[in-house]
1. Please find, in a Gaussian network model of chain A (springs between Cα atoms separated by less than 10 Å), the residue of A:47, A:56, A:132 whose mean-square fluctuation is greatest.
2. If the elastic network links every pair of Cα atoms under 10 Å, which of A:142, A:127, A:93 fluctuates the most in the Gaussian network model of chain A?
3. Using +1 on the beta carbon of Lys and Arg, -1 on that of Asp and Glu, and nothing else charged, what's the dipole of the stretch A:9-159 about the Cα centre, debye to 20?
4. With every protein chain present, what is the per residue accessible area of chain A (1.4 Å probe, Å²)?
5. When the accessible area of the stretch A:3-158 is split by element with a 1.4 Å probe, what percent falls to carbon and sulfur?
6. Between A:98, A:52, A:77, where does the largest GNM mean-square fluctuation fall for chain A, given springs only between Cα atoms within less than 10 Å?
7. As an exercise, find the ratio Rg/Rh for the stretch A:3-158 from alpha-carbon atoms, using the Kirkwood inverse-distance average for Rh.
8. Treating the angle as unsigned and between 0 and 90°, give the value, to the nearest 10°, between the Cα long axis of helix A:142-158 and the longest Cα principal axis of chain A.
Amino acid sequence: MKYWLMKTEPGTYSIEDLAKEKRKTTCWEGVRNYQARNMMRDDFKKGDRVLFYHSGGKDPAVVGTAKIAKGAYPDHFAWDSGSKYYDPKSSPENPRWFMVDVQLDKAFEQPVTLSQMRNEPQLEQMELLRKGSRLSVQPVTESEFEVVLKMAEAAKNKA
DNA sequence: GCCAACGTTGGC
DNA sequence: GCCAACGTTGGC
């Protein structure tokens, strides 16, 4: 099993939106970066665990966990000229972009903020904290995943 | 709103 | 293949 972090702007799609979905599952369309695509297409497997991250806003944070409910398949939004993710270079015969299905696992009672993570020595190597790290989908180590869970737990008990 | 850090595009 | 121009992401 692998571990990932997936970013979303809560104004566009939040963890609350995910919680409202049927079976708390949604397809993760719209990734239009080759590095991210390659990771999703080649490495994302059903059952992988995900840190669900809210970017932008005044307190960017990991707000919960999810899992991969379905491995990569073509992102058909790329074929829809009415979609904001439309890409004329992609076609059903030769799909350029891929997506996965994501299912909510647990929304944290207390988010683990970016600044808290920056202050955690055990997360020093985390991709998210690297300068210029912009990938919307990125790998996380198992220990980083566990540390974030513990931080969420600690924040909850403190609150 | 600013801007650093990328990524992409397209002329040459 | 180089690189300038432009676009995007996302923290601050």
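1. A:132
2. A:93
3. Value, rounded to 20: 100 debye.
4. Using a 1.4 Å probe on heavy atoms only, each residue of chain A averages 57 Å².
5. Roughly 46 percent, rounded to a whole number.
6. A:77
7. 0.98
8. That helix lies at roughly 50 degrees to the long axis.
The values are calculated or read from the model by the stated rules, or taken from the named source; none is laboratory data. From a predicted model like this one, the values you see are computed outputs, not experimental measurements. Counting neighbours? That spans all protein chains shown, and the Cβs are built from the backbone with ideal geometry, glycine included. Only protein heavy atoms, including side chains, enter the accessible area calculation; ligands, DNA and RNA are left aside. Shrake-Rupley method; radii C 1.70, N 1.55, O 1.52, S 1.80 Å.
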